[in-house]
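Notes for the one structure printed next.
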Amino acid sequence: MTITYFIDTYGCQMNVSDSETIRGLLNAAGFDECPSPESADAVLLISCAVREHAETRVLGRAAQLAGLRSHGRSRGPFMVLCGCVAQEHGSELLERTGLLDAVVGPDCYRDLPGILRERLRTAHTDRRTSDHYEDLPRVRSEFPRSFVTIMRGCDNWCSYCIVPSVRGPERSRESGRILTEVAGLSAAGYREITLLGQNVNSYRDGSTGFAGLLEAVARAADPAWIRFVTSHPRDLTRGVAEAMAGTGNICRQLHLPMQSGSDRVLAAMNRGYTSAQYMEKVAMLRELMPGIVLTTDIIAGFPGETQEEFDRTAGLLSEIGFDYAFLFRYSERRGTAAASMPGALPVEERLRRLHVLQDIQKRITLRRSAMLAGRNLRVLITGEARRPGQQAGRTMGNRMVILEGSSFSPGEFVDVTITRGDGWTHFGVPVGL
Ligand code: 5AD
Ligand code: SF4
């Protein structure tokens with residue numbers, strides 16, 4: 001009898017990419033994906049451990065799903081936790097929660113078919129490999145958008161971050177394999193390819209660095225659009241910015257996490273740049289690509305952050321004028337350097353600072369979005385919008401655009417006049433209609 005499985009994914013695009021790998025792996029082994037956890041033999045939760053909130057959410061979901069076991073079924077779904085939380089806590093989770101049957105870290109996904117078939121109560125987290133799961137057919141679910149992992153892991157050890165310990169050291173994929181995958185996606189009609197890595201700017205394969213890879217990828221992908229995340233400000237070079245500026249299908253859009261505007265806090269975070277150096281990178285990007293869409297990440301309430309240091313962050317947030325910002329309150333992650341730093345702020349104070357940043361950014365996001373009204377922008381049609389009769393698409397700047405009453409096919413590029421914007425979502429009509 002075929003074993004059925006259901007996947008629930010949390011966290012960043014790296015986790016979405018992991019879930020595509022797992023689907024490919026399980027389907028190739030003869031398993032069938034099913035649309036709901038209720039009817040599945042196995043439920044896989046792909047977890048994120050970056051912030052406490054994400055971890056709590058995924059464990060809450062595990063508790064909720066475990067309830068399926070008591071609803072008159074002879075045996076409930078076999079529950080597997082994959083991804084970062086699995087790697088972080090390992091076998092401890094099997095004992096602590098009593099909800100999970102197996103815990104499988106990102107380097108051990110090949111063990112999943114055996115574990116599910118045998119319903120093994122086990123934790124597989126100790127292996128560390130350079131396995132990029134190259135041979136596996138990935139099951140992609142976001143046509144015409146796709147993700148291509150170019151590297152795994154991270155060597156930066158930012159003091160607040162758990163990623164280096166759960167995802168392991170940095171390992172770049174061979175450029176030839178990346179180019180083959182990208183060319184295949186473009187030939188299959190994919191029109192947006194996002195290169196993924198924790199720190200794409202330190203990509204290296206022999207003599208090929210990130211700028212070279214980016215140009216080669218753009219050529220292989222043409223006419224598909226290319227994006228990439230995440231860029232570390234320290235490693236973002238002029239060469240990369242020039243590649244972006246000089247290549248028509250590389251999106252003029254960049255996510256450049258600033259984290260803080262205070263030099264003391266940046267040093268305590270082990271970020272490897274000062275606020276002045278960060279500003280220089282922003283100036284370089286804007287000089288080479290006027291109108292580039294910039295987004296960032298900021299952490300409020302890092303241990304020891306004084307009011308003055310926080311004000312500096314808030315000041316830079318206003319001054320730079322990002323199109324969008326992902327704002328977080330600091331959360332302690334066990335085993336990271338920052339977790340044992342003195343000067344922990346009360347959670348209420350971290351939240352207060354977070355709200356100050358949110359207010360500043362909300363105004364900026366709205367203002368920048370309103371400025372687009374009346375402009376013509378090229379939009380990649382991605383599919384149906386939530387409301388019937390509406391279609392959704394993305395601009396090169398990665399802003400969502402909703403079209404009323406159009407019937408384009410996903411993957412088509414359409415020039416659109418923006419009528420209004422309410423932040424990250426915009427509304428528009430095809431040019432000439
Ligand atoms: N607390 C709060 N935010 C964090 N991030 C990473 N670790 C933490 C933490 N411990 C944020 C950073 C990073 C983004 C992915 O998550 O801003 O860029
Ligand atoms: Fe974490 Fe820093 Fe690596 Fe990003 S660069 S994954 S924040 S350690």
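Read the figures in this text as sums done on the coordinates, not as results from a lab. Everything numeric here is computed off the predicted structure, so don't read it as measured data. Note: ideal-geometry Cβ built from the backbone for every residue, glycine included; neighbour counts use all protein chains shown.
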Sorted by chain and number, the residues with a modelled amide H under 5 Å from that of Leu345, at a separation of 5 or more or across chains, are Gly304
Residue of Gly153, Gly176, Gly301 that the Gaussian network model of the chain assigns the largest fluctuation, springs spanning Cα pairs under 10 Å: Gly176
Which of Asp135, Asp111, Asp263 fluctuates most in a GNM of the chain (C-alpha springs under 10 Å)? That residue is Asp135
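Evaluate E = 1/(1 + (r/R0)^6) for Phe408 and Glu95, where r is the Cβ-Cβ distance and R0 equals 45 Å; express this FRET efficiency to the nearest 0.05. Don't skip to the end; give the middle numbers.
Values: r = 53 Å, r/R0 = 1.17.
Efficiency at R0 = 45 Å is approximately 0.30.
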Name the most mobile residue of Cys108, Cys82, Cys48, meaning the one with the largest mean-square fluctuation, in a Gaussian network model of the chain with Cα contacts below 10 Å. Cys108
What are the extents of the Cα atoms of region 243-298 along their three principal axes, listed from largest to smallest and rounded to whole Å? 39, 17, 16
Could you state the principal axis extents of the C-alpha atoms in region 11-108, from the largest down, to the nearest angstrom? 36, 32, 20
Farthest positive-ward along the chain dipole, Cα basis, beta-carbon charges - from Ile402, Ser36, Ser159: Ile402
Charged-residue dipole, Cβ positions (Lys, Arg, Asp, Glu), the chain about Cα centre, Debye nearest 20: 540 debye
Give the Rg (one decimal place) followed by the Dmax (whole number) of the chain, computed from C-alpha coordinates and expressed in Å. 22.2, 65
The alpha-carbon center of region 85-148 and that of region 325-372 are separated, in whole Å, by 31 Å
Can you work out the PRE-style zone for Gln277? Point 7 Å along Cα to Cβ, and I want the residues of region 168-212 with backbone N under 20 Å. 170, 198-204, 210-211
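By count of other Cβ within 10 Å, fewest leading, how are Trp157, Trp424 ordered? Don't skip to the end; give the middle numbers.
Values: Trp157 12, Trp424 15.
Neighbour counts put them in this order, fewest first: Trp157, Trp424.
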Name the residues whose placed amide hydrogens come within less than 5 Å of the amide hydrogen of Val416, ignoring near sequence neighbours (fewer than 5 apart) on the same chain. Leu377, Arg378, Val379, Val431
Note down the nm distance, to one decimal, between modelled labels 7 Å out along Cα→Cβ at Ser141 and at Glu118. 2.8 nm
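Specify whether the C-alpha gyration tensor of region 1-55 places it in the rounded, prolate or oblate class, a ≥ b ≥ c being the square roots of the eigenvalues: rounded for a/c under 1.5, otherwise prolate if a/b is larger than b/c and oblate if not.
On the way: a/c = 3.43, a/b = 1.76, b/c = 1.95.
Verdict is oblate for region 1-55.
Which value at 222 nm does the chain reach when only helices count, each DSSP H run of 4 or more adding -39,500 (n - 2.57), with the total divided by all residues and rounded to the nearest 500 deg cm²/dmol? Before the final figure, lay out each step's value.
On the way: 13 runs with 147 residues, N = 433.
Dividing the helical sum by the residues of the chain leaves -10500 deg cm²/dmol.
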Just to confirm my numbers, what's the Cα centroid distance between region 167-185 and region 28-64 in Å? 26 Å
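Just want to confirm a number: the relative contact order over the chain, from Cα pairs under 8 angstrom separated by 6+ residues, in percent. Don't jump to the answer; show the numbers that get you there.
On the way: 872 pairs, mean separation 43.0, N = 433.
10 percent.
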Note, region 225-240: 3J(HN,Hα) by Karplus (6.51, -1.76, 1.60, θ = phi - 60°), whole Hz, Gly/Pro = x, goes 7, 10, 10, 8, 9, 10, 9, 8, x, 4, 9, 6, 9, 4, x, 5
Looking at the square roots a ≥ b ≥ c of the eigenvalues of the Cα gyration tensor of region 292-332, which shape do they give, rounded for a/c under 1.5, prolate if a/b is larger than b/c, or oblate? oblate
Using the Karplus equation 6.51 cos²θ - 1.76 cosθ + 1.60 (θ = phi - 60°), what ³J(HN,Hα) coupling, rounded to whole Hz, does each residue of region 140-157 give in order, writing x for Gly and Pro? 9, 10, 10, 3, x, 9, 8, 10, 10, 6, 9, 7, 10, x, 7, 10, 7, 6
Non-local residues with an amide H under 5 Å from the amide H of Gln253, with H modelled 1.01 Å from N and Pro and chain starts lacking one, are Val293
Return Asp323, Asp222, Asp422 ranked ascending by Cβ neighbour count within 10 Å, so the fewest neighbours appear first. Asp422, Asp222, Asp323
From the backbone phi of region 418-426, what are the Karplus-calculated ³J(HN,Hα) couplings (6.51 cos²θ - 1.76 cosθ + 1.60, θ = phi - 60°) in whole Hz, Gly and Pro given as x? 6, 9, 7, x, 10, x, 8, 9, 10
At a 4.7 angstrom Cβ threshold, list every cysteine in the chain that has nobody to pair with, or say none. Cys12, Cys34, Cys48, Cys82, Cys84, Cys108, Cys154, Cys251
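Fewest first, what order do Ser165, Ser231 take by the number of other Cβ atoms within 10 Å? Please report the intermediate quantities before stating the final value.
Numbers: Ser165 17, Ser231 20.
Neighbour counts put them in this order, fewest first: Ser165, Ser231.
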Going by a ≥ b ≥ c, the root eigenvalues of the Cα gyration tensor, does region 74-133 fall in the rounded group (a/c under 1.5), the prolate group (a/b larger than b/c) or the oblate group? oblate
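May I ask what percent, to the nearest 5, of DSSP beta bridges between residues of the chain are antiparallel? Please list the in-between numbers first.
Working: 24 of 68 bridges.
Bridges in the chain that DSSP calls antiparallel: roughly 35 percent.
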